[in-house]
1. Work out how much length residue 228 to residue 210 would gain on full extension: take 0.36 nm times their residue separation and subtract the Cα-Cα distance, in nm to one decimal.
2. Find how much the distance from residue 151 to residue 258 grows on full extension, using 0.36 nm per residue of separation minus their present alpha carbon separation; answer in nm with one decimal.
3. Which FRET efficiency value, to the nearest 0.05, is calculated for residue 177 and residue 105 with the Förster distance at 45 angstrom and r the Cβ-Cβ distance?
4. For residue 127 and residue 34 in the same chain, what is the full-extension length gain: residue separation times 0.36 nm, less their Cα-Cα distance, in nm?
5. What is the calculated FRET efficiency for residue 143 to residue 73, with r their C-beta to C-beta distance and R₀ = 22 Å, to the nearest 0.05?
6. Between residue 94 and residue 15, what is the label-to-label distance in nm when each label sits 7 Å out along the Cα-to-Cβ direction?
7. Counting pairs of alpha carbon atoms under 8 Å apart in space and at least six apart in sequence, what relative contact order in percent does segment 1-137 give?
8. Relative contact order for segment 62-173: what is it in percent, counting Cα pairs under 8 Å that are at least 6 residues apart?
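Taken together, the values in this text are just the output of simple stated rules run on the coordinates, not laboratory data. Treat the numbers as computed from the prediction; the structure is a model and nothing was measured. Please note: Cβ atoms are built from the backbone with ideal geometry, for glycine as well, and neighbour counts cover all protein chains shown.
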């Protein structure tokens, strides 16, 4: 019995992480001490946790999209405020007309920096604008009834700053070690664990091309009330490899199918030399812990 070989580097990052997470769960179920891989397992888990943190950062890139939307929202409020102030210059009341001119001129002074600058520049401009609106121009805001516009602009800015701070925290929490480097280390440890398992099978006379039914290796007599799972009876390492190969077959089929599609796309009139996906392996239920 051998462990099916698969090109881990050809798996997409989420696929790769899912496969190795399944490997970790299977190791836990069968027992790292019984499998004699406790030494490698400790480092494997440590690196897998680092990958999880990296992926969490990538998945939380939603903050980047939210930040863009928040920036659009505050630009929309600012632009609408500018238009309302400009339109108010046509009011018949002289006092309101003059107040509208002052506010319109003020908004235009900040517009270039508040709507067309970088994130930090826009926030700085809006901060200073709000200071003016709450201070020197507060009377004009009150006269024209623009208090809600000032409030809307402040709320839009506060929302943007809140999301921005979360994205900054992402950067702080991001692991220092590059993800590709961690991935290479984990792949090496995975291969080392596979070598240990196959070495154990060779010692037990079950290595190489030897294939038997797992149940045939169970020579013990079990009591009726013994609930030990069948996978943990007989030769546990052999049972582990059988179960792991079922999972590996699914991922190898995935890679084969993808390679076939790519080959067909590049040469639509040329038959693909990629073998068809293998038939799925055992459909035995996976233990609850998996």
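1. Contour length minus the Cα-Cα distance gives 3.9 nm.
2. On the way: separation 107, 0.36 × 107 = 38.52 nm, distance 5.30 nm.
Going from the current span to full extension adds 33.2 nm.
3. Values: r = 53 Å, r/R0 = 1.18.
The calculated FRET efficiency here is 0.25.
4. On the way: separation 93, 0.36 × 93 = 33.48 nm, distance 6.34 nm.
Going from the current span to full extension adds 27.1 nm.
5. Numbers: r = 27 Å, r/R0 = 1.23.
Calculated transfer efficiency: 0.25.
6. 7.7
7. Working: 49 pairs, mean separation 16.3, N = 137.
With pairs under 8 Å counted, the relative contact order is 12 percent.
8. Working: 85 pairs, mean separation 40.5, N = 112.
It rounds to 36 percent for segment 62-173.
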